[in-house]
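Read the structure below first, then the notes.
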Amino acid sequence: MYAVIRTGGKQYRVEEGESLNVELLGDDVGSSVDLTPVMVVDGDAVLATPDQLSKVSVTAEVTGTAKGDKINGFTYKNKTNQRRRWGHRQQYNTITITTISKG
């Protein structure tokens, strides 16, 4: 059985026991999080309508934090001595899917 969840503006395909990095959730390490399911597949049964998904719950545990790759950027305009350097490093929460229940 697997589920497709939505968090941080993205969708992820997850199974029980799987760990993944998601956008920051604002929860402490060790806390439990309920995630929004978009679809659940259990063999031949597919639950995808809002009525079917109202009974489904996907819970995960926040196991830590992680940092993405450093992104360096540079903008330049010709003949005006206008330059700008910038950087970004995304922060993530590492979560482990604990249960997927069909209710």
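The values are calculated or read from the model by the stated rules, or taken from the named source; none is laboratory data. Please read all numbers here as calculations on a predicted model, not as lab measurements. All Cβ positions, even for glycine, are placed from backbone atoms using ideal geometry, and neighbour counts span all protein chains on display.
Of all residues in the range 8-41 being among the polar types (S, T, N, Q) and modelled with pLDDT of 95 or more, which is farthest from S57 (Cα to Cα)? Only one residue fits best here, namely N21.
Determine, yes or no, whether T94 is of a type in the set (S, T, N, Q), part of a strand (DSSP E or B) and either within 18 Å of K10 (Cα to Cα) or touching a Leu at 6+ places or on another chain (Cβ under 8 Å) (or both). Yes, satisfied.
Annotation note: Cβ proximity below 9 Å between a residue of the range 65-89 that is at negative phi and a residue that is of a type in the set (V, I, T) and surrounded by 10 or more Cβ atoms within 10 Å (Cβ to Cβ) (sequence gap 6+ or interchain) occurs for T65/V29; T65/T94; A66/T94; W86/I71; G87/I71; H88/I71; R89/I71. Only residues that are part of a loop (DSSP other than H, G, I, E, B), in contact (Cβ under 8 Å) with a residue 60 or more places away in the chain and of a type outside the set (D, E, K, R) were counted in the range 1-24, giving 3. The residue list D27, D51 contains one member that is outside any strand (DSSP E or B), over 9 Å from the mean Cα position of the chain (by Cα) and in contact (Cβ under 8 Å) with a residue 60 or more places away in the chain, which is D27.
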